[in-house]
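> Below is a structure I'd like to ask you about.
The values are calculated or read from the model by the stated rules, or taken from the named source; none is laboratory data. It should be emphasised that the depicted structure is a prediction, and the values quoted were computed from it without experimental measurement. Virtual Cβ from ideal backbone geometry, glycine too; neighbours counted across all protein chains shown. Heads up: the accessible areas ignore ligands, DNA and RNA and are worked out on the full protein's heavy atoms, side chains in. Shrake-Rupley method; radii C 1.70, N 1.55, O 1.52, S 1.80 Å.
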Amino acid sequence: MKLTRRSTLLGMAGGLLASPMLTKHSALAATPKNLLMPKLDEGTLVNGVREFSLAVAKGQTEFSPGILTDTVGINAPFLGPVLVLRSGENARFNVANKLSEQIALHWHGLHLPASMDGGPHQPIEPAAIWQPEFPIRQRAGTYWFHAHQHGKTGEHVWAGMAGIIRVEDDEEASLRLPRSYGEDDFILVLQDRRFDETGQIPYAPNMHDKMAGLQGDQMLINGQIGAELSIKAPLIRLRVLNGSNGSIYRLHFADGRGLTQIASDGGLLAAPVRLSDSLLAPGERAEFLLDTSDGTPALLRAEVFGAEAPFAGSNGTRDLLRISPGRTRKTQSASLRGLGGPQSIPVQTGEHRTFVLSMSGQGMMGNLLINGAGYDHQRIDFSVTAGSTETWVFENRTEMLHPMHVHAGQFHIVSRNGKPPSPQESGLKDVVLTHPGEVVEVRMTFPDYSDKQAPYMFHCHILEHEDAGMMGQFTVV
Ligand code: C2O
Ligand code: CU
Ligand code: CU
(Lines give C-alpha, C1' and ligand atoms only; values in the text may rest on other atoms or scores of the structure.)
(Ligands and ions follow the chains in the order given, each with its own letter.)
Protein backbone atom coordinates (compact mmCIF):
# COMPACT_ATOMS: atom_id res chain seq x y z
CA MET A 1 0.00 0.00 0.00
CA LYS A 2 2.70 2.41 1.06
CA LEU A 3 4.54 1.73 -2.15
CA THR A 4 1.57 2.44 -4.43
CA ARG A 5 0.74 5.71 -2.76
CA ARG A 6 4.26 7.02 -2.88
CA SER A 7 4.89 5.94 -6.47
CA THR A 8 1.73 7.75 -7.51
CA LEU A 9 2.82 10.92 -5.82
CA LEU A 10 6.29 10.81 -7.26
CA GLY A 11 4.94 9.90 -10.67
CA MET A 12 2.70 12.93 -10.66
CA ALA A 13 5.53 15.15 -9.61
CA GLY A 14 7.78 13.76 -12.32
CA GLY A 15 5.14 14.42 -14.95
CA LEU A 16 4.59 17.97 -13.88
CA LEU A 17 8.12 19.13 -13.54
CA ALA A 18 11.03 19.26 -15.88
CA SER A 19 13.61 18.32 -13.29
CA PRO A 20 12.03 15.87 -10.87
CA MET A 21 15.22 15.01 -9.03
CA LEU A 22 15.67 18.39 -7.51
CA THR A 23 12.16 19.73 -7.40
CA LYS A 24 9.81 16.87 -6.71
CA HIS A 25 9.32 18.00 -3.14
CA SER A 26 8.00 21.34 -4.35
CA ALA A 27 5.22 19.50 -6.14
CA LEU A 28 4.51 17.36 -3.11
CA ALA A 29 4.10 20.57 -1.19
CA ALA A 30 1.42 21.93 -3.51
CA THR A 31 -0.46 22.80 -0.35
CA PRO A 32 2.40 24.23 1.67
CA LYS A 33 2.45 23.48 5.35
CA ASN A 34 3.88 25.86 7.83
CA LEU A 35 7.34 24.98 9.05
CA LEU A 36 7.18 23.55 12.56
CA MET A 37 9.81 24.38 15.10
CA PRO A 38 11.26 21.63 17.29
CA LYS A 39 9.83 21.73 20.80
CA LEU A 40 11.63 24.02 23.21
CA ASP A 41 12.78 22.15 26.32
CA GLU A 42 13.85 24.29 29.26
CA GLY A 43 14.29 21.32 31.59
CA THR A 44 13.31 21.51 35.24
CA LEU A 45 15.29 23.06 38.03
CA VAL A 46 16.02 20.42 40.69
CA ASN A 47 18.12 21.62 43.65
CA GLY A 48 19.80 24.24 41.49
CA VAL A 49 20.56 21.82 38.65
CA ARG A 50 18.72 22.13 35.35
CA GLU A 51 17.64 18.62 34.52
CA PHE A 52 16.58 17.23 31.16
CA SER A 53 15.13 13.83 30.32
CA LEU A 54 15.91 12.57 26.87
CA ALA A 55 14.65 9.26 25.51
CA VAL A 56 16.23 7.97 22.33
CA ALA A 57 13.69 5.71 20.65
CA LYS A 58 12.34 4.45 17.36
CA GLY A 59 9.51 6.35 15.75
CA GLN A 60 7.63 6.78 12.51
CA THR A 61 7.54 10.01 10.60
CA GLU A 62 5.19 11.14 7.85
CA PHE A 63 7.64 13.06 5.66
CA SER A 64 5.30 12.70 2.67
CA PRO A 65 1.50 12.52 3.02
CA GLY A 66 0.29 9.03 3.85
CA ILE A 67 3.73 7.42 3.98
CA LEU A 68 5.23 6.38 7.30
CA THR A 69 9.01 6.27 7.44
CA ASP A 70 10.86 4.43 10.19
CA THR A 71 13.04 6.89 12.06
CA VAL A 72 14.80 7.45 15.36
CA GLY A 73 14.23 10.49 17.53
CA ILE A 74 14.81 12.01 20.93
CA ASN A 75 11.53 12.74 22.74
CA ALA A 76 10.05 12.87 19.23
CA PRO A 77 9.72 10.47 16.28
CA PHE A 78 12.53 12.21 14.35
CA LEU A 79 15.24 14.55 15.68
CA GLY A 80 14.92 16.06 19.15
CA PRO A 81 13.99 19.17 21.09
CA VAL A 82 15.81 22.48 21.43
CA LEU A 83 17.50 22.30 24.83
CA VAL A 84 17.76 25.71 26.47
CA LEU A 85 20.87 26.02 28.63
CA ARG A 86 21.87 29.07 30.61
CA SER A 87 25.49 29.97 30.99
CA GLY A 88 26.56 29.66 34.62
CA GLU A 89 23.99 26.99 35.51
CA ASN A 90 24.63 23.32 36.12
CA ALA A 91 22.90 20.91 33.79
CA ARG A 92 22.10 17.21 34.12
CA PHE A 93 20.79 14.97 31.38
CA ASN A 94 19.05 11.63 31.81
CA VAL A 95 19.66 9.99 28.44
CA ALA A 96 17.62 6.81 28.14
CA ASN A 97 18.52 4.36 25.39
CA LYS A 98 15.28 2.75 24.20
CA LEU A 99 16.93 1.18 21.16
CA SER A 100 18.19 -2.39 21.04
CA GLU A 101 21.79 -1.38 20.30
CA GLN A 102 24.52 0.75 21.89
CA ILE A 103 24.37 4.48 21.26
CA ALA A 104 26.32 7.54 22.34
CA LEU A 105 25.04 11.11 22.55
CA HIS A 106 27.53 13.95 22.16
CA TRP A 107 27.12 17.63 23.11
CA HIS A 108 28.72 19.25 20.06
CA GLY A 109 30.52 22.50 20.85
CA LEU A 110 30.20 22.40 24.63
CA HIS A 111 33.11 23.02 26.96
CA LEU A 112 32.85 20.11 29.41
CA PRO A 113 34.78 17.32 31.15
CA ALA A 114 35.82 14.59 28.71
CA SER A 115 33.88 11.88 30.56
CA MET A 116 30.64 13.86 29.98
CA ASP A 117 31.32 14.50 26.28
CA GLY A 118 29.21 11.64 24.93
CA GLY A 119 31.80 10.48 22.44
CA PRO A 120 32.57 6.88 21.46
CA HIS A 121 34.04 6.21 24.92
CA GLN A 122 30.71 6.80 26.65
CA PRO A 123 28.43 4.21 25.01
CA ILE A 124 24.95 3.77 26.47
CA GLU A 125 23.74 0.17 26.61
CA PRO A 126 20.19 -0.71 25.56
CA ALA A 127 17.72 0.05 28.38
CA ALA A 128 20.39 2.00 30.27
CA ILE A 129 20.24 5.65 31.32
CA TRP A 130 23.38 7.79 31.07
CA GLN A 131 23.48 10.81 33.41
CA PRO A 132 26.15 13.35 32.52
CA GLU A 133 26.23 16.50 34.62
CA PHE A 134 28.39 19.58 34.11
CA PRO A 135 28.38 23.37 34.44
CA ILE A 136 27.48 25.39 31.35
CA ARG A 137 30.54 27.53 30.64
CA GLN A 138 29.68 28.72 27.24
CA ARG A 139 28.87 31.84 25.26
CA ALA A 140 25.29 32.20 24.09
CA GLY A 141 24.85 30.51 20.75
CA THR A 142 23.46 27.64 18.74
CA TYR A 143 25.07 24.29 19.46
CA TRP A 144 23.74 20.79 18.93
CA PHE A 145 23.74 17.24 20.19
CA HIS A 146 23.96 14.11 18.10
CA ALA A 147 24.77 10.41 17.96
CA HIS A 148 28.45 9.45 18.25
CA GLN A 149 28.60 5.67 18.68
CA HIS A 150 31.89 4.22 17.39
CA GLY A 151 31.50 3.46 13.67
CA LYS A 152 27.78 4.25 13.75
CA THR A 153 27.60 8.03 13.82
CA GLY A 154 26.52 8.33 10.18
CA GLU A 155 23.82 5.68 10.49
CA HIS A 156 22.39 7.02 13.74
CA VAL A 157 22.32 10.68 12.71
CA TRP A 158 20.75 9.70 9.37
CA ALA A 159 17.95 7.92 11.26
CA GLY A 160 17.29 11.11 13.25
CA MET A 161 19.45 11.13 16.36
CA ALA A 162 20.21 14.85 16.66
CA GLY A 163 18.84 18.00 18.27
CA ILE A 164 19.66 21.63 19.03
CA ILE A 165 21.21 23.25 22.08
CA ARG A 166 20.49 26.92 22.58
CA VAL A 167 22.74 28.57 25.13
CA GLU A 168 21.70 31.89 26.62
CA ASP A 169 23.77 34.42 28.53
CA ASP A 170 23.44 37.96 29.88
CA GLU A 171 25.65 39.51 27.23
CA GLU A 172 23.50 38.24 24.36
CA ALA A 173 20.32 39.04 26.30
CA SER A 174 21.35 42.69 26.58
CA LEU A 175 21.49 43.16 22.80
CA ARG A 176 18.52 44.23 20.69
CA LEU A 177 18.24 40.95 18.79
CA PRO A 178 15.18 38.87 17.95
CA ARG A 179 14.96 36.05 20.49
CA SER A 180 11.28 35.03 20.80
CA TYR A 181 11.34 31.42 19.75
CA GLY A 182 8.95 30.63 16.92
CA GLU A 183 7.97 34.30 16.53
CA ASP A 184 11.08 36.12 15.41
CA ASP A 185 13.74 33.52 16.25
CA PHE A 186 13.74 30.29 14.24
CA ILE A 187 15.75 27.09 14.10
CA LEU A 188 16.50 25.64 10.67
CA VAL A 189 18.05 22.16 10.78
CA LEU A 190 19.17 21.47 7.22
CA GLN A 191 19.44 17.83 6.20
CA ASP A 192 18.95 15.80 3.07
CA ARG A 193 17.70 12.24 2.82
CA ARG A 194 17.45 9.58 0.13
CA PHE A 195 14.12 7.74 0.19
CA ASP A 196 13.67 4.29 -1.34
CA GLU A 197 10.58 3.15 -3.31
CA THR A 198 8.80 2.24 -0.09
CA GLY A 199 9.42 5.65 1.44
CA GLN A 200 12.06 4.44 3.89
CA ILE A 201 15.49 5.98 4.52
CA PRO A 202 17.78 2.95 4.93
CA TYR A 203 21.39 3.81 5.72
CA ALA A 204 23.14 2.13 2.82
CA PRO A 205 26.07 4.17 1.58
CA ASN A 206 27.77 2.71 -1.50
CA MET A 207 31.47 3.11 -2.27
CA HIS A 208 30.89 6.52 -3.79
CA ASP A 209 28.82 7.74 -0.82
CA LYS A 210 31.54 6.62 1.57
CA MET A 211 34.01 8.86 -0.27
CA ALA A 212 31.75 11.81 -1.13
CA GLY A 213 29.68 11.65 2.08
CA LEU A 214 26.11 10.33 2.00
CA GLN A 215 23.76 12.77 0.32
CA GLY A 216 20.04 12.73 -0.32
CA ASP A 217 17.79 14.09 -3.05
CA GLN A 218 15.11 15.45 -0.72
CA MET A 219 15.73 18.43 1.54
CA LEU A 220 14.40 18.33 5.06
CA ILE A 221 14.17 21.36 7.28
CA ASN A 222 13.48 20.45 10.91
CA GLY A 223 12.53 17.05 9.52
CA GLN A 224 9.92 18.44 7.12
CA ILE A 225 9.74 18.40 3.33
CA GLY A 226 8.47 21.43 1.45
CA ALA A 227 7.34 23.50 4.41
CA GLU A 228 7.15 27.29 4.29
CA LEU A 229 7.55 29.93 6.94
CA SER A 230 5.05 32.72 7.37
CA ILE A 231 6.13 35.34 9.78
CA LYS A 232 4.62 38.38 11.44
CA ALA A 233 7.74 39.98 12.84
CA PRO A 234 9.51 42.37 10.43
CA LEU A 235 12.99 41.37 11.60
CA ILE A 236 13.78 37.71 12.20
CA ARG A 237 16.73 35.62 13.28
CA LEU A 238 17.46 32.32 11.56
CA ARG A 239 19.67 29.88 13.45
CA VAL A 240 20.87 27.45 10.82
CA LEU A 241 22.53 24.09 11.49
CA ASN A 242 23.91 21.92 8.74
CA GLY A 243 22.90 18.59 10.30
CA SER A 244 23.56 16.60 7.12
CA ASN A 245 25.84 13.59 6.87
CA GLY A 246 27.72 14.65 3.77
CA SER A 247 26.19 17.70 2.09
CA ILE A 248 27.76 21.13 2.09
CA TYR A 249 25.39 24.02 1.35
CA ARG A 250 26.10 27.41 -0.19
CA LEU A 251 23.15 29.37 1.21
CA HIS A 252 21.76 32.42 -0.54
CA PHE A 253 18.47 34.18 -1.20
CA ALA A 254 17.00 33.68 -4.67
CA ASP A 255 16.52 37.40 -5.30
CA GLY A 256 20.14 38.21 -4.48
CA ARG A 257 19.32 40.28 -1.40
CA GLY A 258 22.31 38.80 0.46
CA LEU A 259 22.65 37.55 4.01
CA THR A 260 23.45 39.29 7.28
CA GLN A 261 25.37 36.90 9.46
CA ILE A 262 25.51 37.63 13.19
CA ALA A 263 26.86 34.42 14.71
CA SER A 264 28.97 31.38 13.87
CA ASP A 265 29.54 28.06 15.70
CA GLY A 266 30.52 29.58 19.03
CA GLY A 267 28.10 32.50 19.23
CA LEU A 268 27.92 36.13 18.15
CA LEU A 269 30.51 37.66 15.82
CA ALA A 270 32.24 40.95 16.64
CA ALA A 271 29.83 42.73 14.27
CA PRO A 272 27.20 41.75 11.66
CA VAL A 273 28.70 40.68 8.32
CA ARG A 274 27.03 41.28 4.95
CA LEU A 275 27.48 38.36 2.53
CA SER A 276 26.21 37.39 -0.88
CA ASP A 277 26.17 33.74 0.21
CA SER A 278 27.34 31.55 3.06
CA LEU A 279 29.00 28.14 2.88
CA LEU A 280 27.90 25.74 5.62
CA ALA A 281 29.54 22.32 6.01
CA PRO A 282 28.21 19.44 8.14
CA GLY A 283 28.33 20.36 11.83
CA GLU A 284 28.59 24.12 11.25
CA ARG A 285 26.06 26.64 12.51
CA ALA A 286 25.40 30.22 11.44
CA GLU A 287 22.84 32.77 12.54
CA PHE A 288 21.38 35.34 10.18
CA LEU A 289 19.12 38.36 10.51
CA LEU A 290 16.48 38.87 7.85
CA ASP A 291 14.60 42.14 7.48
CA THR A 292 11.33 41.64 5.60
CA SER A 293 9.73 44.92 6.63
CA ASP A 294 9.19 45.86 2.97
CA GLY A 295 6.84 42.87 2.62
CA THR A 296 8.80 41.01 -0.08
CA PRO A 297 8.83 37.23 0.39
CA ALA A 298 12.28 35.66 0.56
CA LEU A 299 13.30 32.31 -0.89
CA LEU A 300 16.26 30.66 0.82
CA ARG A 301 18.21 28.46 -1.56
CA ALA A 302 21.30 26.30 -1.42
CA GLU A 303 23.78 25.13 -3.95
CA VAL A 304 24.63 21.62 -2.76
CA PHE A 305 28.08 20.00 -2.77
CA GLY A 306 29.58 16.72 -1.61
CA ALA A 307 33.11 16.25 -0.24
CA GLU A 308 34.34 15.52 -3.77
CA ALA A 309 33.11 18.91 -5.05
CA PRO A 310 36.53 20.11 -6.32
CA PHE A 311 36.38 17.73 -9.24
CA ALA A 312 32.73 16.63 -9.22
CA GLY A 313 31.24 20.13 -9.01
CA SER A 314 27.92 20.98 -7.41
CA ASN A 315 24.86 18.73 -7.23
CA GLY A 316 22.62 21.59 -8.26
CA THR A 317 20.60 24.22 -6.47
CA ARG A 318 17.65 23.47 -4.19
CA ASP A 319 14.92 25.66 -2.83
CA LEU A 320 15.04 25.37 0.93
CA LEU A 321 12.47 27.68 2.42
CA ARG A 322 10.01 30.33 1.30
CA ILE A 323 9.59 33.00 3.96
CA SER A 324 6.42 35.07 3.67
CA PRO A 325 6.09 38.23 5.73
CA GLY A 326 2.70 39.36 6.98
CA ARG A 327 1.69 42.98 6.67
CA THR A 328 4.53 45.40 6.09
CA ARG A 329 5.84 47.39 8.96
CA LYS A 330 8.83 49.68 9.20
CA THR A 331 11.51 48.62 11.61
CA GLN A 332 13.88 51.02 13.19
CA SER A 333 16.82 48.96 11.95
CA ALA A 334 18.34 48.34 15.34
CA SER A 335 21.76 49.83 15.91
CA LEU A 336 23.64 46.58 15.69
CA ARG A 337 27.12 47.68 15.02
CA GLY A 338 28.76 45.73 17.83
CA LEU A 339 27.72 42.23 18.86
CA GLY A 340 30.41 41.66 21.46
CA GLY A 341 32.04 38.71 19.74
CA PRO A 342 35.75 37.97 20.04
CA GLN A 343 38.09 40.66 18.78
CA SER A 344 41.49 39.08 19.17
CA ILE A 345 43.10 35.67 19.05
CA PRO A 346 44.67 34.40 22.29
CA VAL A 347 48.42 33.85 22.39
CA GLN A 348 49.81 30.37 22.12
CA THR A 349 51.04 28.94 25.42
CA GLY A 350 51.25 25.23 24.56
CA GLU A 351 52.21 23.07 21.63
CA HIS A 352 52.05 23.66 17.91
CA ARG A 353 50.74 20.55 16.14
CA THR A 354 50.33 19.65 12.51
CA PHE A 355 47.67 17.27 11.22
CA VAL A 356 48.17 16.04 7.68
CA LEU A 357 44.94 14.88 6.09
CA SER A 358 45.70 12.31 3.44
CA MET A 359 44.35 9.33 1.61
CA SER A 360 46.12 6.03 1.13
CA GLY A 361 45.92 4.07 -2.12
CA GLN A 362 44.92 5.21 -5.54
CA GLY A 363 42.40 7.75 -6.78
CA MET A 364 39.16 7.88 -4.81
CA MET A 365 39.26 4.47 -3.20
CA GLY A 366 41.78 4.67 -0.36
CA ASN A 367 41.52 5.15 3.38
CA LEU A 368 41.25 8.60 4.87
CA LEU A 369 44.05 9.27 7.32
CA ILE A 370 45.21 11.86 9.83
CA ASN A 371 49.03 11.92 10.14
CA GLY A 372 49.17 8.63 8.32
CA ALA A 373 46.83 6.74 10.63
CA GLY A 374 43.18 5.84 10.77
CA TYR A 375 41.18 5.92 14.00
CA ASP A 376 42.08 3.30 16.58
CA HIS A 377 39.67 3.16 19.50
CA GLN A 378 42.48 1.96 21.83
CA ARG A 379 45.05 4.59 20.84
CA ILE A 380 45.19 8.05 22.42
CA ASP A 381 47.14 10.15 19.95
CA PHE A 382 48.55 12.78 22.30
CA SER A 383 47.74 14.79 25.38
CA VAL A 384 47.28 18.50 25.86
CA THR A 385 48.06 20.48 29.02
CA ALA A 386 44.86 21.56 30.75
CA GLY A 387 44.11 25.23 30.23
CA SER A 388 46.83 25.74 27.61
CA THR A 389 46.35 27.39 24.23
CA GLU A 390 47.64 25.38 21.28
CA THR A 391 47.93 26.05 17.58
CA TRP A 392 46.77 23.26 15.31
CA VAL A 393 47.47 23.19 11.61
CA PHE A 394 45.31 21.11 9.29
CA GLU A 395 47.05 20.35 6.00
CA ASN A 396 44.56 18.95 3.53
CA ARG A 397 46.58 16.82 1.10
CA THR A 398 43.53 15.08 -0.37
CA GLU A 399 41.39 15.94 -3.37
CA MET A 400 38.38 16.39 -1.13
CA LEU A 401 36.80 18.85 1.28
CA HIS A 402 37.03 17.99 4.97
CA PRO A 403 35.19 19.98 7.66
CA MET A 404 37.47 19.39 10.66
CA HIS A 405 35.92 19.46 14.13
CA VAL A 406 37.56 19.50 17.56
CA HIS A 407 35.65 18.51 20.69
CA ALA A 408 35.81 20.35 24.02
CA GLY A 409 35.09 23.91 22.92
CA GLN A 410 35.80 26.45 20.24
CA PHE A 411 38.83 27.68 18.36
CA HIS A 412 39.82 30.78 16.43
CA ILE A 413 40.81 30.41 12.80
CA VAL A 414 44.25 32.04 12.61
CA SER A 415 44.84 31.68 8.88
CA ARG A 416 43.92 29.93 5.65
CA ASN A 417 46.95 29.43 3.43
CA GLY A 418 48.70 32.15 5.40
CA LYS A 419 45.90 34.69 4.97
CA PRO A 420 43.75 35.95 7.84
CA PRO A 421 40.20 34.56 7.99
CA SER A 422 37.25 36.44 6.49
CA PRO A 423 35.03 38.38 8.96
CA GLN A 424 32.40 35.61 9.05
CA GLU A 425 35.12 33.16 10.06
CA SER A 426 36.70 35.45 12.65
CA GLY A 427 34.35 34.46 15.45
CA LEU A 428 34.51 31.31 17.52
CA LYS A 429 34.34 28.08 15.53
CA ASP A 430 34.36 24.38 16.26
CA VAL A 431 34.24 23.14 12.66
CA VAL A 432 36.46 24.48 9.90
CA LEU A 433 36.03 23.46 6.27
CA THR A 434 39.38 22.64 4.68
CA HIS A 435 39.77 22.64 0.91
CA PRO A 436 42.14 20.46 -1.14
CA GLY A 437 45.71 21.69 -0.82
CA GLU A 438 44.80 24.13 1.91
CA VAL A 439 46.71 24.72 5.15
CA VAL A 440 44.40 25.99 7.88
CA GLU A 441 45.73 27.15 11.21
CA VAL A 442 43.45 27.28 14.27
CA ARG A 443 44.12 28.23 17.89
CA MET A 444 42.24 26.79 20.81
CA THR A 445 42.30 27.09 24.57
CA PHE A 446 41.67 23.65 26.02
CA PRO A 447 39.51 22.91 29.04
CA ASP A 448 40.88 23.23 32.53
CA TYR A 449 39.28 19.87 33.25
CA SER A 450 41.88 17.17 33.41
CA ASP A 451 41.31 13.45 32.85
CA LYS A 452 44.02 10.87 32.11
CA GLN A 453 41.56 8.28 30.86
CA ALA A 454 38.70 9.84 28.94
CA PRO A 455 39.72 11.40 25.61
CA TYR A 456 38.17 14.06 23.41
CA MET A 457 37.78 13.44 19.68
CA PHE A 458 38.82 15.47 16.67
CA HIS A 459 37.59 14.41 13.26
CA CYS A 460 36.15 15.21 9.88
CA HIS A 461 32.42 16.01 10.24
CA ILE A 462 31.50 14.32 6.97
CA LEU A 463 29.99 11.47 8.98
CA GLU A 464 31.01 8.77 6.49
CA HIS A 465 34.62 10.02 6.74
CA GLU A 466 34.45 10.01 10.53
CA ASP A 467 33.07 6.45 10.61
CA ALA A 468 35.72 5.36 8.09
CA GLY A 469 38.36 6.43 10.61
CA MET A 470 39.19 10.06 9.82
CA MET A 471 39.30 10.73 13.56
CA GLY A 472 41.82 10.98 16.33
CA GLN A 473 41.66 11.37 20.10
CA PHE A 474 43.53 13.30 22.78
CA THR A 475 43.38 13.68 26.51
CA VAL A 476 43.65 16.92 28.47
CA VAL A 477 45.77 16.54 31.60
CU1 C2O B 1 29.55 16.92 16.03
CU2 C2O B 1 32.51 14.48 17.22
O3 C2O B 1 31.02 15.69 16.64
CU1 CU C 1 31.66 17.59 18.71
CU1 CU D 1 36.32 14.37 5.36
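> Given the convex hull of the Cα atoms of segment 352-476, what is a quarter of its surface area in nm²?
7.3 nm²
> Also, quick follow-up: For every helix of n ≥ 4 consecutive DSSP H residues, a contribution of -39,500 (n - 2.57) applies; sum these over the chain, divide by its total residues, and give [θ] at 222 nm rounded to the nearest 500 deg cm²/dmol.
-2500 deg cm²/dmol
> How much length is gained if the chain between Glu125 and Gln343 is pulled fully straight, taking 0.36 nm per residue apart and subtracting their Cα-Cα distance, in nm to one decimal?
Once the chain is fully extended between Glu125 and Gln343, it gains 74.1 nm.
> First measure r as the distance between the Cβ atoms of Thr317 and Asp291, then evaluate 1/(1 + (r/R0)^6) with R0 = 25 Å and state the FRET efficiency to the nearest 0.05.
Once the sixth-power term is evaluated, E becomes 0.60.
> Under 8 Å for C-alpha pairs, at least 6 residues apart: give me the relative contact order for segment 155-270, rounded to a whole percent.
31 percent
> Rounded to the nearest 0.05, what FRET efficiency do Leu68 and Leu40 have when you use their Cβ-Cβ distance and R0 = 45 Å?
Computed FRET efficiency for Leu68 and Leu40: 0.95.
> Quantify, in whole percent, the carbon and sulfur part of the accessible surface of the chain (1.4 Å probe; protein heavy atoms only).
52 percent
> What percent do you get for the relative contact order of the chain when only Cα pairs under 8 Å and 6+ apart count?
Relative contact order for the chain comes out at 14 percent.
> Run the simple label-point estimate for Gln60 and His150 please: 7 Å along Cα→C-beta, distance reported in nm.
Going by the 7 Å Cα→Cβ label model, 3.5 nm.
> Next question. Where Rh is the Kirkwood radius over the Cα pairs of the chain, the temperature 4 °C and the viscosity 1.567 mPa s, what D in µm²/s does Stokes-Einstein return?
D = 57 µm²/s.
> What spacing in nm lies between the two simple spin-label points modelled at Glu89 and Ser174, each 7 Å away from Cα in the Cβ direction?
2.1 nm
> Next question, about the same structure. Which number do you get for Rg(Cα) / (2.2 N^0.38 Å) in segment 33-170?
Dividing the Cα Rg of segment 33-170 by 2.2 N^0.38 Å gives 1.04.
> Longer than 30 Å from Cα to Cα, which of Lys210/Lys419; Lys429/Lys452; Lys152/Lys452 are they? Say none if no pair is.
Violating the 30 Å limit, Cα to Cα: Lys210/Lys419.
> Antiparallel versus total DSSP beta bridges in the chain: what percent is that, nearest 5?
Of the beta bridges lying entirely in the chain, close to 70 percent run antiparallel.
> State the extension gain, in nm to one decimal, for the chain segment bounded by Met207 and Val49, taking 0.36 nm per residue of separation less the distance between their alpha-carbons.
Extending this stretch completely gives an extra 52.2 nm.
> Divide, for segment 257-301, the radius of gyration over alpha carbons by 2.2 N^0.38 Å, where N is the residue count.
1.22
> Over segment 252-339, what is the mean sequence separation of C-alpha contacts under 8 Å (at least six apart), divided by residue count, expressed as relative contact order in percent?
Value for segment 252-339: 31 percent.
> Taking the alpha carbon gyration tensor of segment 185-325, what are the square roots of 5 times its eigenvalues, largest first, to the nearest whole Å?
27, 17, 13
> According to the Cα gyration tensor, what semi-axes, each the square root of 5 times an eigenvalue, does the equivalent ellipsoid of segment 130-226 have, listed from largest to smallest in whole Å?
Working from the Cα gyration tensor, I get semi-axes of 32, 19, 11 Å.
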